[in-house]
Amino acid sequence: MRKKKNPQLIDLVKRAGFQLESNLNHAIKEKLNDTDLSRLVLNTQKKTELQKLLGNFSSAHHLPSKDDVANTAKLVIKTEEKIDSIEEKLLEIDAKLNEMKSLVQKNKKK
């Protein structure tokens, strides 16, 4: 059995879709014409250009960039974590050695 299509419903959905599209287009145009948005885009472009210039300057004068400093900080943190891990293992080994030492001394006394 085939369902019959309701032409009125289809027409209503089409009109609603066209109206929604029109409203969205209008809202987008308003936002694109907004001066605050234009200023924000311009400031973002200027910031990007400034970051590139600073990167070039840093590179030319052998200065670390923001990324270089961040990478170095990450390496330092990883190194500290590894040192902490080694320190914990050494403490465990020291505790076991002391335990073994005391067992050896007890056995010598017997």
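Is it the case, given these coordinates, that Leu12 is in a helix (DSSP H, G or I), open to solvent by less than 100 Å² (accessible area, probe 1.4 Å), free of Cβ contacts under 8 Å to residues at least 24 places away in the same chain and not basic (Lys, Arg)? Yes; evaluated as a whole, the condition is true for this residue.
Applying the set (1) assigned to a helix (DSSP H, G or I); (2) open to solvent by 80 Å² or more (accessible area, probe 1.4 Å); (3) not charged (D, E, K, R) to Pro64 leaves exactly one unmet item: (1).
Restricting the range 27-43 to residues that are surrounded by 10 or more Cβ atoms within 10 Å (Cβ to Cβ) and among the acidic types (Asp, Glu) leaves a set whose member that is modelled with the lowest pLDDT is Asp34.
Would you be able to say whether some residue in the range 44-54 is of a type in the set (S, T, N, Q) and open to solvent by 80 Å² or more (accessible area, probe 1.4 Å)?
Within the range 44-54 (the criterion being of a type in the set (S, T, N, Q) and open to solvent by 80 Å² or more (accessible area, probe 1.4 Å)), the answer is yes, since at least one residue qualifies.
The values are calculated or read from the model by the stated rules, or taken from the named source; none is laboratory data. It should be emphasised that the depicted structure is a prediction, and the values quoted were computed from it without experimental measurement. Using ideal geometry, Cβ is built from the backbone for each residue, glycine included, and neighbour counts are taken over all protein chains shown. Remember, those area values only see protein heavy atoms, side chains included, never the ligands or the DNA or RNA. Shrake-Rupley method; radii C 1.70, N 1.55, O 1.52, S 1.80 Å.
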